[in-house]
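Some notes on the structure that comes next.
The values are calculated or read from the model by the stated rules, or taken from the named source; none is laboratory data. Quick caveat: nothing in here was measured; it's all calculated off a predicted structure. We place every Cβ from the backbone using ideal geometry, glycine too, and count neighbours over all the protein chains shown. Protein only, heavy atoms only, side chains kept; ligands, DNA and RNA dropped before computing areas. Shrake-Rupley method; radii C 1.70, N 1.55, O 1.52, S 1.80 Å.
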Amino acid sequence: MKTEKIKMRAGWLIDGTGAPARRNVIIKIENGIIQSLSDAEFYNVDQNGITDFSAFTIIPGLIDSHVHLCMSGAHDQKIRQKQLKSTFADAEHVISAHLRQLFLSGVVAVRDGGDYGAYALRYKKKQQDKKNSIVEMKTAGQAWHNHGRYGKFMGRAPSEGKTLAEEILYMDKSIDHVKIINSGLNSLKEFGKETLPQFNLNDLKNTVNAASSLGLKVMAHANGRLPVKIAIEAGCASIEHGFFMGEKNLALMAEKKITWVPTACTMKAYAEHLSKDRIHQDSIEAAILKKILEDQLRQLAMAKALGVTVAVGTDSGSPGVHHGSSIIEELKLFMQAGFSLEETLKASVLNGAKLLGLNKTGPIIKGNKALFIVVDGSPGGLPESLNKIKAVYTSQGCSRRKAGHLEISKS
Ligand SMILES: [Zn+2]
């Protein structure tokens, strides 16, 4: 095989490990793998063969740690209902379009939280056969909820007479992680109203043990103090949403090294939707949504202070939360909560890669795949400049495109 060597100069580089942005960096890539990163000043630049991005910032491909690929961000109930009853043939087109949208926004890997027909999983298996997926997918197949409780649209409840742990041991082994729903949704009538846990501590502990015997981590949808506490004590790998979980749970997560995916942009998207509507703009729901968002940002600031590992997930597929573009909103909210740009990108890239169990994908460091985004200007324009990505750089094996090609320019 012919060795393909590429050299490029980045005006600015943020590597996604949390390290400060660097100025004028030469990146050397060989066969799609990063070989070295050096300061341009100390590098004997032979101008030939260098791709010049001096006026651009290079950041790693982003990771969205919480999506539902089967659903779009449409508010229209007719569209949502149709998507919830779709056949695999219909869902296949929807998923393809969402992956394309994600890629155009610079997202290179996603963690899917499940759908009722396990269509994202089926899609992934089919794509693996073709070896042409543009975004790396990790999926739960179907999420698990309890009988008569919230979550039917994204999964199923254990069959009669079977415990959740038993179900886990006998389900489709090709999933990447187990998704459990352990609470309800946020109330838009009463701020901070908590729902009861869906599973008790013993059930969840057995479930986590069953999953780990198969080498799988558990992601837990949980809002409110008790549902989150149970998920933490049971040993789940991540808490999804975690609205109103409180400081004690956050401290416990820091101690047990459990990752939090706050999905704050869901509340912002819904609040913005209501604000466009004359009837609802001054409603109780609109005021409550605003309060929930503020509270979540306060919790996020607390998580930073306590040293909780946080990851960027959007819950795209929820009303108003669109695949791809919503990650820019979530990055902005992290920064609004007090995270620096570098810390925010670390949450998406390094923490996301660990959560998804990715190999050689993530930060721009020696030995990792060359998988990154080129945006106009200095880092000062981020995350807004992600709206007009200049190029997404992918290494070989990532798609049908050849290694080393700069592709899809949105401008
Ligand atoms: Zn979700």
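Quick look at the numbers
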{"item": "Anchor Lys125: lysines whose Cα lies under 16 Å away (excluding residues fewer than 8 positions away in-chain)", "result": "Lys138, Lys173"}
{"item": "The range 62-356 - convex hull of alpha carbons, volume per residue in Å³", "result": "123"}
{"item": "Residue-count net charge about Asn209 - beta-carbon cut-off 15 Å; Lys, Arg +1, Asp, Glu -1", "result": "-2"}
{"item": "Given Lys162/Lys268; Lys124/Lys193; Lys193/Lys276; Lys304/Lys360; Lys82/Lys179; Lys78/Lys346, the pairs whose alpha carbons are separated by over 31 Å", "result": "Lys162/Lys268; Lys124/Lys193; Lys78/Lys346"}
{"item": "Solvent-accessible ranking of Leu164, Leu188, largest area first, probe 1.4 Å", "result": "Leu188, Leu164"}
{"item": "Karplus-derived 3J(HN,Hα), 6.51/-1.76/1.60, for each residue of the range 375-383, Hz, glycine and proline x", "result": "10, 4, x, 7, x, x, x, 7, x"}
{"item": "Label-to-label distance, nm, for residues given as Ala89 and Met302 (7 Å Cα→Cβ offset)", "result": "5.1"}
{"item": "Solvent-accessible area per residue for the chain (1.4 angstrom probe, square angstrom)", "result": "43"}
{"item": "Of all accessible heavy-atom area on the range 267-403, the percent that carbon and sulfur account for (1.4 Å)", "result": "52"}
{"item": "Whole-number percent relative contact order across the chain, with pairs defined as alpha carbons under 8 Å at least 6 apart", "result": "22"}
{"item": "Cut-off under 5 Å, modelled amide H: who pairs with Ile33 long-range", "result": "Ala370"}
{"item": "Heavy-atom SASA rank of Phe103, Phe153 (probe 1.4 Å, accessible area, largest first)", "result": "Phe153, Phe103"}
{"item": "Accessible area, probe 1.4 Å, largest first, for residues Leu350, Leu274, Leu226", "result": "Leu226, Leu350, Leu274"}
